[in-house]
Structure formats: structure tokens, C-alpha cells
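The structure appears below as C-alpha cells.
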Amino acid sequence: MAVVGQESSIVPPKPEALLERYGASMDALVAREMAAFEGQAKQAASAAQGTDPAPLNRLGVVYARFSRLNEAEKAFAGSAKIRPNAPAYINLGNVYLIKGDYGKALDAFKKASAASPRSVAALAGAALAAFELEDKAAAAAFLAELARIDEAAAGRYAYLSSDSGSRAASSSAANAVAWEE
């Protein structure tokens, strides 16, 4: 107990030490929480014996939600290898958007669109990737196709085809991806 007029001998921890402990605690929590999801997804993928792409895609979603993007990328690529499918390609595109690899993102979204021509997520992702590559004509073309399918969705991405489209808006869109299961 401190006495008035006397200095306390209690020294607070350094902010760096607190952040380090917090980071380690969060890593342990994520690892614990993820272990159950990962185990179930791996078991389902193994049971499918390489014939069903869905379990690997679900495993990728688990990894992605815990920001383990390299593992997610491998799982999505494995899912697409079993059988080309829109969810795996959309998720790959999302991973590449987050990583800032817009060329790969655009390729993945194009493959998703080829697998599912009416996919709103594939067309919106392709428009976003094209915008980031500064190909406004391609972004506008993807948005025009999107508008034929879903006008409301196209409206949410209209800034990508305008001259005043901003990188800040597209960056926040890239960080708000939806994972396809």
C-alpha cells in the first residue's frame, strides 16, 4: 500500500512487453479454436479421397477466417485442382486481393466467372481487381455484366468505373471479402 507523499515501487510493464504477451495469448487462443475446425475439415477432406472439392474449400475458409492466408491459398488451389469450381476460385481471388496480388486475383475471378457465369461475387471481384490494376475499361466491362445480373450489386461497386473511383474505397472493399463455402 502506498503512503501519501511516498513514491510507489510498482513499475508498470513496458508497452512492448504487454503487446508481446497479448500477441502470444491471441496466437494461443486462435490455435486452440482453430484446431477443432481444422481437424474436422481435414477429416472431411480425407474422407472425400480427392473426389469432392468442397471439404478442401471449407478448410481454406477456416484458414482464411483466422488470417492464415498461405494455408488458405493452398487449400483453395487444391479444391480447384480436384474440380474447377467457382467457390474455390472466388476464395483464391479474395486471398490474392488481400495479399495485393491483383493480377492473380483477376485471373482467379475470371476462372470463377467461367465456372459460374452468373456469380455476383466473381464479377464484383474481377471488377475490383481490374480497378486495382488500373484497367478501368475492364472494370467497367465486369460491372456492366454484373448490372445485367444484379443491378443492386453493380450499384455498390459503381465507384470502380467512375473517374473519381478511389483507392481507399477499393482497399476497404478488398478487406471486406466474403468467403464462399
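Each reported figure results from applying straightforward, stated rules to the coordinates on display, with no laboratory input. All figures in this text were calculated on a predicted structure; none of them were measured in a lab. Cβ placement follows ideal geometry from the backbone for every residue including glycine, while neighbour counts extend to all protein chains displayed.
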* Find, among the GluC sites (Glu not before Pro) in the stretch 1-69, those assigned to loop by DSSP (not H, G, I, E, B) with at most 10 other beta-carbon atoms within 10 angstrom. => Glu7
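Among the listed pairs Lys42/Lys111; Lys14/Lys99; Lys14/Lys104; Lys42/Lys99; Lys111/Lys136, which are separated by more than 30 Å between their Cα atoms?
Lys14/Lys99; Lys14/Lys104
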* Note the listed values (1) 51, 39, 34; (2) 54, 39, 27; (3) 75, 50, 25, then indicate which one is Cα extents along the principal axes in Å calculated from this particular structure. => (3)
* With a/c under 1.5 counting as rounded, go ahead and sort the stretch 23-83 into rounded, prolate or oblate using the C-alpha gyration tensor (a ≥ b ≥ c being the square roots of the eigenvalues; past the cut-off, prolate if a/b is larger than b/c, else oblate). => oblate
* Just flag the GluC sites (Glu not before Pro) in the stretch 60-166 sitting in loop per DSSP whose Cβ has no more than 14 other Cβ atoms within 10 Å. => Glu134
* Counting only complete DSSP H runs, which helices of the chain cover 24 Å or more along their long axis at the Cα atoms and score a mean Kyte-Doolittle of -0.5 or above? -> 15-47
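Taking the Cα centre of the chain as origin, work out the dipole magnitude from +1 charges on Lys and Arg Cβ and -1 charges on Asp and Glu Cβ, in debye rounded to 20.
420
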